1. How large is the charge dipole for the chain, taken about the Cα centre, if only the Cβ atoms of Lys, Arg (+1) and Asp, Glu (-1) carry charge, to the nearest 20 debye?
2. Straight-line reach only, C-alpha to C-alpha below 13 angstrom: list the aspartates and glutamates that LYS157 could link to, leaving out same-chain residues fewer than 8 apart.
3. GluC sites (Glu not before Pro), restricted to the stretch 47-85: which are DSSP loop and have at most 14 other Cβ atoms within 10 Å?
4. State, to one decimal in nm², a quarter of the convex hull surface area for the C-alpha atoms of the chain, i.e. the direction-averaged projected area.
5. Considering only VAL16, ALA56, GLY38, whose Cα is most displaced toward the positive end of the charge dipole of the stretch 1-67, charges sitting on Cβ of Lys, Arg (+1) and Asp, Glu (-1)?
6. On a C-alpha basis, how far is the centre of the stretch 183-223 from the centre of the stretch 92-120 in Å? Whole number, if you could?
7. With a 1.4 Å probe and all protein chains left in place, how much accessible area per residue does the stretch 153-245 have, in Å²?
8. Carbon-plus-sulfur fraction of the accessible area of the chain, 1.4 Å probe, in percent?
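The values are calculated or read from the model by the stated rules, or taken from the named source; none is laboratory data. Remember, it's a predicted structure, so these values are computed and weren't measured experimentally. Cβ atoms come from the backbone with ideal geometry, glycine included; neighbour counts cover every protein chain shown. Calculation scope for accessible area: heavy atoms of the full protein, side chains included, ligands and nucleic acids excluded. Shrake-Rupley method; radii C 1.70, N 1.55, O 1.52, S 1.80 Å.
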Amino acid sequence: MSTTAPYEVVVVGGGVAGLSAAVFTARHGLDTLVVDSGESILRRNAHLENFPGFPAGVNGRQLLDLLEDQAAEAGCEQVTEMVSHVEQTADGFAVETDDEERYRSEYVVAATKNTTDYLRGIDGVGIIDRGKAFVDTDERGRTSVDGLYAAGRLAEKPHQAAVCAGHGAEVAVTILEDDDRPFYHDWVAPEGYFTDRDRDLPPGCEEIGDEERRKRERRSLERVQEQFAEPHPDEQVTHPSLRDD
């Protein structure tokens, strides 16, 4: 079994909750890894109708692709593997996969849908069985084990992509707070917004001028146009029980 250099955050699950969490931790400078099986339930969605910002709906696979790109842009690493086991160590956690990879981290975010078997080796994790398994957390996604968090559906959030994405972001900000980082903003402000009022930039903020703003806007428009120029190339994913293979 190979062991990688330690990360500060490992996110188990690459759906909207896990990727949203990863974007926020990575943007604030925490070395972040997403380990995803590639089986997000959103890939089974025929057309996502209720995600903010898409008045005609959006292809769920397109949305996940954009979230993956956004996490990568923030500096997050991503691997496609199935997590088999998470255990506590003297300095955090070890995340093991079916491919016999071992990732060490200070924090773990469990963001799978209802799969909890990989947490069975951690003493003190509260698992709630309501026909499907959930992880017992407080309102910010903290479990009873220091450094272990759960986000999205696994943390009993309503089964809506927008809610789970928001909770993933909230869990990430909670980690930043628990890591004793400065109060976190993630805001790009116009040049002079703070400094022309003799104020220091809050942590996580930056000011940009008109030229940089136009540059970022052009890049944003190009990326979105590129993503939605054609239908998603992958075939529609269905429920495992309906598959022929």
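1. On the way: 25 positive and 50 negative charges, 162 e Å.
Here the chain has a charge dipole of around 780 debye.
2. ASP136, ASP138, GLU139, GLU170
3. GLU49
4. Working: hull surface 62.2 nm².
Reported value for the Cα convex hull: 15.5 nm².
5. Positive-end residue among those listed: ALA56.
6. 36 Å
7. Working: 6610 Å² over 93 residues.
That works out to 71 Å² for each residue.
8. Working: 6140 of 13310 Å².
Carbon and sulfur: 46 percent of the exposed surface of the chain.
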